[in-house]
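Here the structure comes first, spelled out in structure tokens, and everything after it is commentary.
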2 protein chains.
Amino acid sequence: MMKTLVGKRSAGKKVSGKIVKSLIIAALSAGGVVSAQADYKSEYYSQAVHGPYQLYKIGDFALEDGGTIRDLQLAYTTHGKLNRAKDNAILICTWYSGTTKFWEQNYIGKGRALDPDKYFIILINQIGNGLSSSPHNTPGTGGMAKFPHVRISDDVRAQYKLITEKWGIKELALVVGGSMGAEQTWEWAVRYPDMVKRAAPIAGTARTTPQCAAFSRTLDEARQSDPGFNGGNYKSNTDVQAGLRREAALWTVFGWAPEWLKQEKWRTLGFSSLEDFQTNFMDAYFVPMDPNDLMNNAWKWQRADVGRQTGGDLAAALGRIKAKVFVMPIATDHLFPVADCAAEQKLTPNSELRVINSLAGHLGLFGVDGKAYFDQVDLHLKELLNSPV
Amino acid sequence: MMKTLVGKRSAGKKVSGKIVKSLIIAALSAGGVVSAQADYKSEYYSQAVHGPYQLYKIGDFALEDGGTIRDLQLAYTTHGKLNRAKDNAILICTWYSGTTKFWEQNYIGKGRALDPDKYFIILINQIGNGLSSSPHNTPGTGGMAKFPHVRISDDVRAQYKLITEKWGIKELALVVGGSMGAEQTWEWAVRYPDMVKRAAPIAGTARTTPQCAAFSRTLDEARQSDPGFNGGNYKSNTDVQAGLRREAALWTVFGWAPEWLKQEKWRTLGFSSLEDFQTNFMDAYFVPMDPNDLMNNAWKWQRADVGRQTGGDLAAALGRIKAKVFVMPIATDHLFPVADCAAEQKLTPNSELRVINSLAGHLGLFGVDGKAYFDQVDLHLKELLNSPV
């Protein structure tokens, strides 16, 4: 289907269709319907679409905000081999709406910075992202709208259990992630300063800013205002399709930078008009997702703050970090602006600001600049990984 | 009511409550309910709230997009006196959601750049803004959701009729406006190059960018997705309150710059929390408005493009301008970024880029920086008005 979109009217250099295929998995699968019934096998959040991945049973897990997830399971995958010294592990954290699959397909590879030939690369799906324990896949009365509130700190504590218990790993050569993955990266560096040797938060802050949180709340309102959402008690994500499309429209405005849209850079992805791009990329990306899962992740995102570990003192929290940190904002990001990232970098002892040049804005994380983007990421990460700590 | 909001927790220097009062007129009036019935006297769009103003009867007015407004009336007001040479007239155009009142109260005054002692200042409400002919106040089957589509060019042609017919004015010393008012300013300068001697588009472009249009469409979706909107056939704006509040939330995210929200600058307006600011400022500003009126103005905004006069050629259109132009973007504006304004300025023969420093973002137009903002506006406008042409 994507091939037919690369019409004759397309202008601009075309980026590999791999990116589009990585993101619009649902359009390629059988409809991407997610059922609200706990016994239903989601076609979107499945091994077929996002796998292969493994599940690690954490057990009942008490959350910072007061709730408890029964039988918490983390979906994860690894690439490469843990060496004998157990000092070559890299952790990759996922972003809002994302799974580990996209990083596996686009951010790691032989000869790249995240090289499975050199490193034991662990990718863990954040709680509530649809693969790890999430509202839509949690059976019983604790699922769906009643799935408890999760904080970034809960994710990091659960990830710590998996990493230390399963492999006995005591240090991480690098923690890296984009957006909410960056928020988890910051939390890791502050919470486990002796364990995290290097950290690379890409396009994400240690504390969510008020504007970023306000944007995230407009996404909630887009979903909740759909009568089909029904207080989270829908029968299928397709009941909330209008709300999810509104969410996708908001992401178009806020996720992409003005100049990227002005230059019609979506043509490089094979789309013929902004409407085509909205319908067959943005909508196709969000519509198959589960609204309660997104609600859960948005709640978490709105409240990310490493300062919670130090009584609200952001400087004190960042001052704890022992890792070598490359703070990597995207130049045109309006959700996690360079200025906000730079301010946090200045509070972080052994750190550098490495701005990624891109016209794309926050969703530059999707790699829509192709090689120009990934080369920068790899350059910085290679230098960071080669830095003595 | 506003006074009680200035609690002890308020931090930061407080800007005059005049700004808040200027914008939140509805909260001070009796509920601000707007009826969909044509014979209803709106409490919000009224002489009591937005007056005094006059009405000029244009008569039946054929629109560029094909429709016709029956008995088009423009609501306008003037300050100062037209001199004998009829060369001291200044035209002020209004922005989306706005009326002439705010400019009367905050942008003009004795000793200011827009000085009624020196100039004959004409303020005209754009079509569809609630005071001039608009969906909600047009009787019969041509009102409400069936009010025809209006373009910026229609406004400017209608304003031209008023100005030339009523006063016999053949030249305008200055055309100025913010946001959609800037879009009208650009249209004036391109359409009537011999008449416009000076132009100052503030925080607005000659052609709406794709991102800006996409944002505007999310506002439409916020209103339309409210079941109370009912395809535009609501009985009262209060039926669409949830949608209007969603619109207000979107404006919080896009209208204010990240840093302004981060520094909690709303405290300077007398609000105690972001929630308080959202409810009692942003919501209070938008909720009394008429959804069909906003829909009409948003449609217009999404399609602003002076290049329509030259077969789509923006450079050719701007090249026509004979006026001395000061292009005045706000430094932190994400809706009409400096880069977009600068690109148009470069295409404009006798022009200069004058960036207004402000942390506030696009809604810096509301004057929330107080004197620091208005002093810059006045400085630039005075220099422009003193420039020989």
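Please give the net charge around residue A:196, taking every other residue with its beta carbon less than 12 angstrom from that of residue A:196, where Lys and Arg add +1 and Asp and Glu add -1. With Lys, Arg at +1 and Asp, Glu at -1, the neighbours total +4. Toward the positive end of the charge dipole of segment A:15-386, with +1 on the Cβ of Lys and Arg and -1 on the Cβ of Asp and Glu, the farthest Cα among A:67, A:132, A:23 is that of A:132.
Remark: accessible surface ordering of B:160, A:373 (largest first) is B:160, A:373, probe radius 1.4 Å.
If you take the charge dipole of chain A about its Cα centre, with +1 on Lys and Arg Cβ and -1 on Asp and Glu Cβ, which of A:385, A:188, A:244 is farthest toward its positive end? Farthest towards the positive pole: A:385. Here the spin labels are modelled as points 7 Å beyond Cα on the Cα-Cβ line, and at residue B:68 and residue B:273 they lie 5.6 nm apart. Sorted shortest first, the separations between the residue A:21 label point and its copies elsewhere in the assembly read 6.5 nm; each point sits 7 Å from Cα along the Cα-to-Cβ line. Taking a sphere under 14 Å around the Cβ of residue B:303 and counting the other residues whose Cβ falls inside, with K and R at +1 and D and E at -1, yields a net charge of -3.
Shortest first, residue B:233 label-point distances to identical copies amount to 3.1 nm, with the label point at 7 Å from Cα along Cα→Cβ.
With the charge dipole of segment B:301-356 set up from +1 on Lys and Arg Cβ and -1 on Asp and Glu Cβ about the Cα centre, the Cα lying farthest toward the positive end among the listed residues B:316, B:302, B:353 is that of B:316.
The portion of the accessible surface of the protein assembly as shown made up by carbon and sulfur, rounded to a whole percent, is 50 (1.4 Å probe; DNA, RNA and ligands excluded).
Net charge of the neighbourhood of residue A:286, taken over other residues with C-beta under 11 Å away and scored Lys/Arg +1, Asp/Glu -1, is 0.
With a 1.4 Å probe rolled over the protein heavy atoms of all chains, the accessible area of A:114, B:55 falls in the order B:55, A:114, largest first. For residue A:86, the lysines whose Cα falls under 26 Å of its own Cα, not counting residues fewer than eight places away in the same chain, are A:57, A:101, A:110, A:118, A:161, A:166, A:170, A:197, A:322, A:324, A:382. The trypsin sites (Lys or Arg not before Pro) found in segment A:48-136 that occupy coil by DSSP, while having at most 15 further C-beta atoms within 10 Å, are A:81, A:84, A:86, A:110.
For segment B:107-259, the Cβ-based charge dipole about the Cα centre amounts to some 260 debye (Lys, Arg positive; Asp, Glu negative; other atoms uncharged).
In nanometers and ordered shortest first, the copy-to-copy spacing of the residue B:387 label point, defined 7 Å from Cα toward Cβ, is 4.7. Here is the tail figure for segment A:117-180: Cα pairs spaced more than 21 Å apart come to 34 percent of all pairs.
Normalised by 2.2 N^0.38 Å, with N the number of residues, the alpha-carbon radius of gyration of segment B:275-335 equals 1.66.
Which of rounded, prolate or oblate describes segment B:93-220 when judged by the alpha-carbon gyration tensor and an a/c cut-off of 1.5? Verdict is prolate for segment B:93-220. The orientation-averaged shadow of the Cα convex hull for the protein assembly as shown, equal to a quarter of the hull surface, comes to 32.5 nm². Per the Debye calculation on segment A:15-386 with a single equal scatterer at every Cα and no solvent contribution, log₁₀ I(q)/I(0) for q = 0.14 Å⁻¹ amounts to -1.21.
In this label model, residue A:167 and residue A:316 are separated by 3.4 nm, measuring between points 7 Å along each Cα→Cβ vector.
Here is how the number arises for chain A: DSSP H runs of 4 or more residues each give -39500 (n - 2.57), the sum is divided by the residue count, and the result at 222 nm is -10000 deg cm²/dmol. Rounded to the nearest 20, the Cβ-based charge dipole of the protein assembly as shown about its Cα centre (Lys and Arg +1, Asp and Glu -1) stands at 1100 debye. The magnitude of the dipole of chain A, with charges of +1 and -1 set on the Cβ of Lys/Arg and Asp/Glu and taken from the Cα centre, is near 960 debye. Given a Förster distance of 51 angstrom, what is the FRET efficiency for residue B:233 paired with residue A:383, based on the Cβ-Cβ distance and rounded to 0.05? Once rounded, the FRET efficiency stands at 0.25.
The values are calculated or read from the model by the stated rules, or taken from the named source; none is laboratory data. Quick caveat: nothing in here was measured; it's all calculated off a predicted structure. Ideal geometry is used to build each Cβ from the backbone, glycine not excepted, and the neighbour counts take in all protein chains shown. Just so you know, the surface numbers come from the protein's heavy atoms only, side chains and all, with ligands and any DNA or RNA stripped out. Shrake-Rupley method; radii C 1.70, N 1.55, O 1.52, S 1.80 Å.
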